[in-house]
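What follows is a short report on a single structure.
The values are calculated or read from the model by the stated rules, or taken from the named source; none is laboratory data. Because the structure is predicted, anything quoted here is derived from the model rather than measured. Ideal geometry is used to build each Cβ from the backbone, glycine not excepted, and the neighbour counts take in all protein chains shown. Please note that ligands, DNA and RNA were not included when accessible areas were found on the heavy atoms of the full protein model with its side chains. Shrake-Rupley method; radii C 1.70, N 1.55, O 1.52, S 1.80 Å.
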Amino acid sequence: MTETRDFWSRRKAAVQAEAKAEVVAAQEQAFAEQRGELEEKTDAEILAEFNLPDPDQLQVGDDVSGFMAKAVPDRLRRRALRQLWRLNPVLANVDGLVDYGEDYTDAACVIENIQTAYQVGKGMLAHIEALAAQTEEEDTDQIPEVEETTQEPELPEVTEMQSSEPVVISEIDDPEEAELTPAPRRMKFEYEG
């Protein structure tokens, strides 16, 4: 029963999507035809048809929303926006808060036939390995080898519990004695019975 309901729900959604796509396609076709007609006309004829002022003659406070209609050609829209940016000091002032306002390309710093240690797919691996080997050689030449004489004291391993009393670990009162005592080892207990 739910499979049938799912099928019809999907079918209904597909039909609605097709209807929306047809409406959008019809609107796009109408806009394309209108743009085709407008491309043949001059800018003065287009401005007269849409009752728009000359974009180059716009003044401060003029309404430019008429140029934002989809039917208006892009060339007129761009001219109106250029004039708007020239007139309005708020839009014309770049205050340095633009995230991508700087030129982050290295075109000014590029030197012809530059050679680097970078290898595609490997990065600078060989160069870094060579530097690491060089510093390792320098380190071995400068520092004499020192033998380690520190040995850990051997502690007896506890395998069986001698009595049934619980084991209590006492705290060390002397701080110097605490530094000399080795780190506790893991003990293994086996219980009888």
Unmet requirement for residue 34, which otherwise passes all of (1) in contact (Cβ under 8 Å) with a residue 24 or more places away in the chain; (2) of a type outside the set (A, V, I, L, M, F, W, C); (3) within 30 Å of residue 87 (Cα to Cα): (3)
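Results for (1) of a type outside the set (Lys, Arg); (2) at pLDDT 75 or above; (3) surrounded by 10 or more Cβ atoms within 10 Å (Cβ to Cβ), shown as yes or no for each residue.
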residue	(1), (2), (3)
131	yes, yes, yes
139	yes, yes, no
143	yes, no, no
179	yes, no, no
188	no, yes, no
Qualifying residue in segment 91-101 (condition: farther than 30 Å from residue 187 by Cβ, in contact with a Phe, Trp or Tyr (Cβ under 8 Å, 6 or more places away or on another chain) and either open to solvent by 100 Å² or more (accessible area, probe 1.4 Å) or modelled with pLDDT of 75 or more (or both)): yes
